[in-house]
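Colleague: One structure is given below, represented as structure tokens, and several questions about it will come after.
The values are calculated or read from the model by the stated rules, or taken from the named source; none is laboratory data. Keep in mind that what you see is a predicted model, and the values were worked out from it rather than measured. Counting neighbours? That spans all protein chains shown, and the Cβs are built from the backbone with ideal geometry, glycine included.
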Number of protein chains: 4
Amino acid sequence: MKPTGIFPPLTTPFAPDGSLALDRLRDNVAKYNRTGLAGYVLNGSTGESVLLSWAEVERVWAVAREAASPEKILIAGTGAESTAETIEQTNRAAKLGYRAALVRTPSYFKPQMTAEILAEHFLRVADAARIPILLYSVPVYTGVAMEAPLVARLAQHPNIIGIKESSGNVQRISEVIAAAPPGFQTVVGGAATLYPSLVMGAAGGILALACALPDLCVELYDAVQAGAHERARAVQQQLLAPASILASKYGVAGLKYALDRLGYYGGPPRRPLLPADESARREIDAVLATVAAAAAS
Amino acid sequence: MKPTGIFPPLTTPFAPDGSLALDRLRDNVAKYNRTGLAGYVLNGSTGESVLLSWAEVERVWAVAREAASPEKILIAGTGAESTAETIEQTNRAAKLGYRAALVRTPSYFKPQMTAEILAEHFLRVADAARIPILLYSVPVYTGVAMEAPLVARLAQHPNIIGIKESSGNVQRISEVIAAAPPGFQTVVGGAATLYPSLVMGAAGGILALACALPDLCVELYDAVQAGAHERARAVQQQLLAPASILASKYGVAGLKYALDRLGYYGGPPRRPLLPADESARREIDAVLATVAAAAAS
Amino acid sequence: MKPTGIFPPLTTPFAPDGSLALDRLRDNVAKYNRTGLAGYVLNGSTGESVLLSWAEVERVWAVAREAASPEKILIAGTGAESTAETIEQTNRAAKLGYRAALVRTPSYFKPQMTAEILAEHFLRVADAARIPILLYSVPVYTGVAMEAPLVARLAQHPNIIGIKESSGNVQRISEVIAAAPPGFQTVVGGAATLYPSLVMGAAGGILALACALPDLCVELYDAVQAGAHERARAVQQQLLAPASILASKYGVAGLKYALDRLGYYGGPPRRPLLPADESARREIDAVLATVAAAAAS
Amino acid sequence: MKPTGIFPPLTTPFAPDGSLALDRLRDNVAKYNRTGLAGYVLNGSTGESVLLSWAEVERVWAVAREAASPEKILIAGTGAESTAETIEQTNRAAKLGYRAALVRTPSYFKPQMTAEILAEHFLRVADAARIPILLYSVPVYTGVAMEAPLVARLAQHPNIIGIKESSGNVQRISEVIAAAPPGFQTVVGGAATLYPSLVMGAAGGILALACALPDLCVELYDAVQAGAHERARAVQQQLLAPASILASKYGVAGLKYALDRLGYYGGPPRRPLLPADESARREIDAVLATVAAAAAS
């Protein structure tokens, strides 16, 4: 199991009443199956994982499993605050056929999330998990960052195969890659730094933006593989504004609105998140128009 | 329902295997019943709420309900990331006889937690809840702070009766008190700023430190009520180090160790939290010895 | 030399062309001489010290020395990034008759400003200075905060007599007071937390807001001395909005505009600072109107 | 004047008594003249500019001017807090033959350093300066960051030719490059992100680390120009630890110690900075040994 290439952390479609819209998920996956995406992450941050019950998550996992083409690698977001709960959900995902688990740092008790406590947590999870573990460091949401020495230590565990590094900090991702053993897969978590991360040795990207613009993200990845650096830089420049506006500034709500505009089902986020408002929609429309114009030229 | 006076957010006792130790909770509550505490918060941050399943939380609520003296006011921590889940748990607590719900800000999607989104969340919860709501702002854990204008707006809702303000920022708590209508109860969330908050008009404190040192916390509150400012300042100075060491620096693990030393049941925290290590225990012992010496003199 | 009571860090008047307007300074001081202010700080942050040459500072010091009533205590801001330069300026102020020097933390090389480096700096300055030293911790401008153990260590030096603590953090100021020896003078640097700091044992305040509203600041100080806590709280509540709007939100430019409205000379700040714009002026006018209305009632 | 290639911001040599050691500066420059460095920055942050008087700075500028080979481009650090003072020093550097001025953001009054105030400052300086201006954004020291829209606006001025972007944030540097007009020179301010910044279109680097390891920095730059990406990545990986340890963690003191070890004159920093202590020296020695071993293999 090598998470190379581009993966979207899929959004979770909701009906207007807030309930799961699993048919819409099935339709989205069918469309993504026709792209060059390497696989899918189900129940990541972008999937509004913290707004779902675990019973709902299981239904999402099951439907995506059915809908995904066999060549697509399936990764399940299974991180919880509690170590025991994380293990339980990881093994549930394993049973449903998921190939790896993406486990974010616990984070509620931020001042206590020392390297020691994080190490113990991830090592316990890795020991007990029936599928390989990808670490997940996403300080924008958790307020907790994993530094290179901790990652290098955890990378020694045979069942910890990589990290999704979503700090947006290219120096840190470079340090992680330099510190970890060769087989370890460092995957970048944001499209705005995809190309710089790839040149430093990242194995790929798990990118919210890849839900909306899978082809451009894959094109950048392929360009780097082919040594086409001019093309890679040009695509990266094109991705800067969409990454910043759709995926960061307006969060899941912005991304879902963009999906609706691009032929996927986006739909509303779940409360307390609110749909993109008028001004957000205008800004997103403008960004999408620029991307479309660049594609046409 | 007026949350005046001192409330501890009770710790959740676990057995060494990590399971709930409800008898220990019963014993602790029996001891707290003999103090001047105004009531108890069950399933707050200090209760390791994020490490419990809701099924476990219900058992904790039920046991504490039975064990508490009738004059003690019971408050339930019911905040979740999702608005719907928060409402559901709030009404479950109501059914179990809890008098108010303490609802922390949703926080995972920090950049999206605008005043607008937080307002919508709390107003929906307040509309649907069968018991009064206390807002809960605790940026050290959530990375999200509620500012005075937002609190003042929410304080207009008849079912939002107060706020637990745990930012540690006395200017902000002063601004909240100044902006909110007279009946609104602003309760401070940290013992290190209890006296300065009370002189600015805080109605009381919900204090982790009150689990360990209930009598001193109550003494400070009573001194302020009696206008005994010299005494209040002296007690506040005594509480500075314990507040900083037990409750902040070493978190729940440090507090639980102190409880064990003070005749309550502390026990281990739940993983990923780890028990206080040797050096933490030494520092906590030293602080407790200072408190005991001051009491003896 | 005891910096008890209320001191304004005086603004530096400039003519419209940016040159020093020393007559205006003289006029302002003459007005302040008729208040209950304990003395004046010349060349503090609010005096735009970083925008003056040392030659200009000396002229400011000389004029204020002449203009001040003999009973007013004069304190000179003498901090520079370099230790040697700080010593030189401190002794220049001494020669001009200043009673104490306010020395801010060096701060440009923030990551290197360890407790060790700060201690060496202040001890050298205190050894060489011919007048007593007040430490000055103002993280909002410097990004460097002095914690209680460092202050307590420096307070042992016979020539370090106090600290202006401008972090706005009441817990920290309480810890500083608790850690320092009894004679050490801890003075709060912000009007928004004056009352809570005084009840915890602060000796007074060096307050930008006291340039604009000297009488109210002195009234609050006197009320605390007299044990009139209800009055103190009421005045503190009145000062919250002016402290936040005039002195923090709009900085020196806002304060200077307020001075112009209140019968002092404010005038323009020096570039790169720009005068308060239309919307700032409107907000400041509204705050001043509220203060005036409260005074009238 | 195009600041392409690699520039070191030269350290300022001091004698043990803290006075300028200009002969040592001459010797260092003579050595640097034999490298592939594109030029030198005199009186940047690494030159301890905030610890020098302007009279001293002029002597530094004059000596470096004499000592530098004619093909080396000379850039003077001329930023001060005051707009007028910045202009004055910039034109003094011009008179001494400097080709461009590096002007850092004013920063003492951080909350007031809005885009508007920074724009006015830089435009005034650019209007009045007799040499071209390089903007300088270095939030680690100033607490103020220039964002892409502000830079793009300033880049329209004919006398503002580029920016030294020292935030370490590759996304931001990419956004600056994408937003600025084609001729604008964006130069990265940290060796840890040199390669990722160059692939995104940076024109070069002004790197503290280039004082100690000029050849490796130039090699990386040349590799990217030649399209030798494997080599560039390998050199970048080699530079990660030195950049982090010498230039960031231990600041100027660490860099000066490394210079002493590498055949340049480092000497002591000026107080309040203190020489690297025993443990810093050991860590720096270890890093330099690793670099030497890599060079030998």
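Colleague: Being out of contact with any Lys or Arg (no Cβ under 7 Å at 6 or more places or on another chain), within 27 Å of A:Val140 (Cβ to Cβ) and of a type in the set (Asp, Glu) is the filter here; which residues of region A:40-67 pass it?
Modeller: Going through region A:40-67, the residues out of contact with any Lys or Arg (no Cβ under 7 Å at 6 or more places or on another chain) turn out to be A:41-47, A:49-50, A:52-57, A:59-62, A:64-66.
From what's left, within 27 Å of A:Val140 (Cβ to Cβ): A:41-47, A:49-50, A:52-54, A:56-57, A:60-61, A:64.
Selection gives A:Glu56 alone.
Colleague: Residue check, D:Met1 against (1) under 18 Å from the mean Cα position of the chain (by Cα); (2) at pLDDT 95 or above; (3) surrounded by fewer than 24 Cβ atoms within 10 Å (Cβ to Cβ); (4) of a type outside the set (Ser, Thr, Tyr), all met but one. Which one?
Modeller: (2)
Colleague: Tell me the residue from B:Ala115, B:Ala119 that is under 29 Å from A:Met113 (Cβ atoms), surrounded by fewer than 22 Cβ atoms within 10 Å (Cβ to Cβ) and either in contact with a Leu (Cβ under 7 Å, 6 or more places away or on another chain) or at pLDDT below 95 (or both), please. It would help to see each step written out before you state the result.
Modeller: Details: B:Ala119 fails: under 29 Å from A:Met113 (Cβ atoms).
Just a single option satisfies the conditions, and that option is B:Ala115.
Colleague: Just a yes or no: is a residue in region D:206-222 at negative phi and assigned to a strand (DSSP E or B)?
Modeller: There is at least one residue in region D:206-222 that is at negative phi and assigned to a strand (DSSP E or B).
Colleague: A follow-up question, please. Do you know which residues across region C:104-119 are under 26 Å from C:Pro132 (Cβ atoms) and in contact (Cβ under 8 Å) with a residue 24 or more places away in the chain?
Modeller: C:Arg104, C:Thr105, C:Pro106, C:Ser107, C:Tyr108, C:Met113, C:Ala115, C:Leu118, C:Ala119
Colleague: Between A:Gly189, A:Gly183, which is away from chain D (no Cβ under 11 Å) and without any contact (Cβ under 8 Å) to a residue 24 or more places away in the chain?
Modeller: On inspection, the qualifying residue turns out to be A:Gly183.
Colleague: Mind checking which pairs have a first residue in region A:27-47 that is at pLDDT 95 or above and a second that is surrounded by fewer than 15 Cβ atoms within 10 Å (Cβ to Cβ) and assigned to a loop (DSSP other than H, G, I, E, B), Cβ under 7 Å, 6 or more apart or different chains?
Modeller: Listed pairs, sorted by first residue: A:Asn33/A:Ser69.
Colleague: Can you spot a residue in region D:156-172 that is farther than 23 Å from D:Pro9 by Cα, away from chain C (no Cβ under 13 Å) and charged (D, E, K, R)?
Modeller: no
Colleague: So B:Gly266 clears everything in (1) modelled with pLDDT of 95 or more; (2) crowded, with 20+ Cβ neighbours inside 10 Å; (3) not in a loop (DSSP other than H, G, I, E, B) except one condition, right? Which one?
Modeller: (3)
Colleague: Looking only at region C:249-286, count how many residues are within 14 Å of chain D (Cβ to nearest Cβ), of a type in the set (Ser, Thr, Tyr) and within 19 Å of the chain's Cα centre (by Cα). Break it down into steps so the answer makes sense when it comes.
Modeller: First, pick out the residues of region C:249-286 that are within 14 Å of chain D (Cβ to nearest Cβ): C:249-257, C:268-280.
Of the ones still in play, those that are also of a type in the set (Ser, Thr, Tyr) are C:250, C:257, C:279.
In the following step, the residues that additionally are within 19 Å of the chain's Cα centre (by Cα) were identified as C:250, C:257.
Residues flagged as within 14 Å of chain D (Cβ to nearest Cβ), of a type in the set (Ser, Thr, Tyr) and within 19 Å of the chain's Cα centre (by Cα) within region C:249-286 amount to 2.
Colleague: Filter region D:76-99 down to the residues that are touching a helix residue (DSSP H, G or I) at 6+ places or on another chain (Cβ under 9 Å) and among the aliphatic types (A, V, I, L, M), then identify the one that is surrounded by the most Cβ atoms within 10 Å (Cβ to Cβ).
Modeller: Ranking the qualifying residues of region D:76-99, first place goes to D:Ala76.
Colleague: Six or more apart or on different chains, Cβ atoms under 7 Å: show the pairs whose first residue is in region D:222-246 and within 9 Å of chain A (Cβ to nearest Cβ) and surrounded by 20 or more Cβ atoms within 10 Å (Cβ to Cβ) and whose second is part of a helix (DSSP H, G or I) and among the acidic types (Asp, Glu).
Modeller: Close Cβ pairs satisfying both conditions: D:Leu240/A:Glu175.
Colleague: Which residue pairs have Cβ atoms under 9 Å apart, sit 6 or more places apart or on different chains, and have a first residue in region C:148-160 that is under 15 Å from C:His121 (Cβ atoms) and a second that is of a type in the set (Ser, Thr, Tyr)?
Modeller: Going by the 9 Å Cβ cut-off, the qualifying pairs are C:Val151/C:Ser137; C:Val151/C:Thr186.
Colleague: Return the residues of region A:134-155 that are more than 14 Å from chain B (Cβ to nearest Cβ) and either out of contact with any helix residue (DSSP H, G or I) (no Cβ under 8 Å at 6 or more places or on another chain) or crowded, with 18+ Cβ neighbours inside 10 Å (or both); say none if nothing qualifies.
Modeller: Those that are more than 14 Å from chain B (Cβ to nearest Cβ) and either out of contact with any helix residue (DSSP H, G or I) (no Cβ under 8 Å at 6 or more places or on another chain) or crowded, with 18+ Cβ neighbours inside 10 Å (or both): A:Leu134, A:Ser137, A:Ala148, A:Val151, A:Ala155.
Colleague: Can you find even one residue in region B:58-75 that is more than 26 Å from B:Ile117 (Cα to Cα), of a type in the set (D, E, K, R) and in a loop (DSSP other than H, G, I, E, B)?
Modeller: Yes, region B:58-75 has at least one match.
Colleague: Just give me the residues in region B:29-66 being in contact with a Gly (Cβ under 9 Å, 6 or more places away or on another chain) and basic (Lys, Arg), in sequence order.
Modeller: Within region B:29-66, B:Lys31, B:Arg65 meet the criteria.
Colleague: Of the conditions (1) closer than 20 Å to C:Ser19 by Cα; (2) within 14 Å of chain D (Cβ to nearest Cβ); (3) without any contact (Cβ under 8 Å) to a residue 40 or more places away in the chain, C:Leu51 clears all except one; give me its number.
Modeller: C:Leu51 satisfies all of (1) closer than 20 Å to C:Ser19 by Cα; (2) within 14 Å of chain D (Cβ to nearest Cβ); (3) without any contact (Cβ under 8 Å) to a residue 40 or more places away in the chain except (3).
Colleague: Can you tell me which of B:Ala243, B:Ala202, B:Ala234, B:Ala192 is out of contact with any helix residue (DSSP H, G or I) (no Cβ under 8 Å at 6 or more places or on another chain), hydrophobic (A, V, I, L, M, F, W, C) and either more than 30 Å from C:Gln225 (Cβ to Cβ) or modelled with pLDDT of 95 or more (or both)? Can you show your working first?
Modeller: On the way: B:Ala243 fails: out of contact with any helix residue (DSSP H, G or I) (no Cβ under 8 Å at 6 or more places or on another chain); B:Ala202 fails: out of contact with any helix residue (DSSP H, G or I) (no Cβ under 8 Å at 6 or more places or on another chain); B:Ala192 fails: out of contact with any helix residue (DSSP H, G or I) (no Cβ under 8 Å at 6 or more places or on another chain).
Selected residue: B:Ala234, the only one of B:Ala243, B:Ala202, B:Ala234, B:Ala192 that is out of contact with any helix residue (DSSP H, G or I) (no Cβ under 8 Å at 6 or more places or on another chain), hydrophobic (A, V, I, L, M, F, W, C) and either more than 30 Å from C:Gln225 (Cβ to Cβ) or modelled with pLDDT of 95 or more (or both).
Colleague: In region B:12-28, what residues are part of a loop (DSSP other than H, G, I, E, B) and either crowded, with 16+ Cβ neighbours inside 10 Å or not aliphatic (A, V, I, L, M) (or both)? Steps first, please.
Modeller: Here is the first cut: in region B:12-28, the residues part of a loop (DSSP other than H, G, I, E, B) are B:12-13, B:15-19, B:21.
Hits for region B:12-28 are B:Thr12, B:Pro13, B:Pro16, B:Asp17, B:Gly18, B:Ser19, B:Ala21.
Colleague: Residue pairs, Cβ under 7 Å, 6 or more apart or interchain, first in region A:261-274 and within 11 Å of A:Thr11 (Cβ to Cβ), second basic (Lys, Arg) and surrounded by fewer than 22 Cβ atoms within 10 Å (Cβ to Cβ). List them.
Modeller: A:Tyr264/A:Lys31; A:Tyr265/A:Arg24; A:Gly267/A:Arg24
Colleague: Suppose the filter is of a type in the set (S, T, N, Q), farther than 14 Å from B:Cys211 by Cβ and under 18 Å from the mean Cα position of the chain (by Cα); does B:Ser69 pass it?
Modeller: Criteria not met by B:Ser69.
Colleague: Hey, any hits in region C:33-55 for a residue that's in a helix (DSSP H, G or I), acidic (Asp, Glu) and either over 18 Å from the mean Cα position of the chain (by Cα) or under 30 Å from D:Ser49 (Cβ atoms) (or both)?
Modeller: Taking region C:33-55 as the starting set, the residues that turn out to be in a helix (DSSP H, G or I) are C:33, C:45-47, C:49-51, C:54-55.
Adding the requirement that they be acidic (Asp, Glu) leaves none.
Checked against the condition, which is being in a helix (DSSP H, G or I), acidic (Asp, Glu) and either over 18 Å from the mean Cα position of the chain (by Cα) or under 30 Å from D:Ser49 (Cβ atoms) (or both), region C:33-55 yields no hits at all.
Colleague: Just to verify a result, which residue in region B:194-221, among those that are under 14 Å from the mean Cα position of the chain (by Cα) and not hydrophobic (A, V, I, L, M, F, W, C), is nearest to the other protein chains (Cβ to nearest Cβ)?
Modeller: If we take residues in region B:194-221 being under 14 Å from the mean Cα position of the chain (by Cα) and not hydrophobic (A, V, I, L, M, F, W, C), then B:Gly205 is nearest to the other protein chains (Cβ to nearest Cβ).
Colleague: Please work out which one of (1) more than 30 Å from D:Ala145 (Cα to Cα); (2) surrounded by 18 or more Cβ atoms within 10 Å (Cβ to Cβ); (3) within 16 Å of the chain's Cα centre (by Cα) is the condition C:Arg104 fails and give its number.
Modeller: If we test C:Arg104 against (1) more than 30 Å from D:Ala145 (Cα to Cα); (2) surrounded by 18 or more Cβ atoms within 10 Å (Cβ to Cβ); (3) within 16 Å of the chain's Cα centre (by Cα), just (1) comes out false.
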